[in-house]
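Just below is one structure, and these are the notes that go with it.
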Amino acid sequence: MSKKDLKYYYKILEIKTRIKELKQLLSEGEIDILEYRVQLREILKELNEIQENQEQDEFSTAIQGVILNISKLA
């Protein structure tokens, strides 16, 4: 894995953590569904940027799957 791939890998881990935190806040009533969806759209933008900068490989295919799943929620 190249240095660039590692950078994106850690960014994906950070995004995954943010999604878990958002789900927790939503379930606790700290945020409403509209704020949850707004935050997911922001995450989608970040993932799309990562995907645009990645070469087509297994990693980018995984990112596409994540984008698709989040798109369904947002």
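The values are calculated or read from the model by the stated rules, or taken from the named source; none is laboratory data. As the structure is a computational prediction, the values presented were derived from the model and not from experiment. Heads up, the Cβs are rebuilt from the backbone with ideal geometry, glycines too, and the neighbour counts pull from every protein chain shown.
Details
- Flag if K4 is touching a helix residue (DSSP H, G or I) at 6+ places or on another chain (Cβ under 9 Å) and either part of a loop (DSSP other than H, G, I, E, B) or farther than 16 Å from N69 by Cβ (or both): yes
- Every pair of residues 6+ apart whose Cβ atoms lie under 8 Å, when the first sits in the stretch 40-51 and is in contact (Cβ under 8 Å) with a residue 24 or more places away in the chain while the second is part of a helix (DSSP H, G or I) and charged (D, E, K, R): I43/R18; E46/K11; I50/K11
- A single entry from Q51, Q56 fulfils the requirement of being modelled with pLDDT under 95, among the polar types (S, T, N, Q), surrounded by 12 or more Cβ atoms within 10 Å (Cβ to Cβ) and over 10 Å from the mean Cα position of the chain (by Cα): Q51.
- Just one residue in the set L34, L6, L44 is under 16 Å from A62 (Cβ atoms) and exposed (fewer than 11 other Cβ atoms within 10 Å of the Cβ); that residue is L6.
- Taken over the stretch 7-42, the criterion of being hydroxyl-bearing (S, T, Y) and more than 18 Å from S71 (Cα to Cα) is satisfied by Y8, Y9, Y10, S27.
- Matching residues in the stretch 10-29 - criterion: being acidic (D, E) and either within 13 Å of the chain's Cα centre (by Cα) or surrounded by 11 or more Cβ atoms within 10 Å (Cβ to Cβ) (or both): E14, E21
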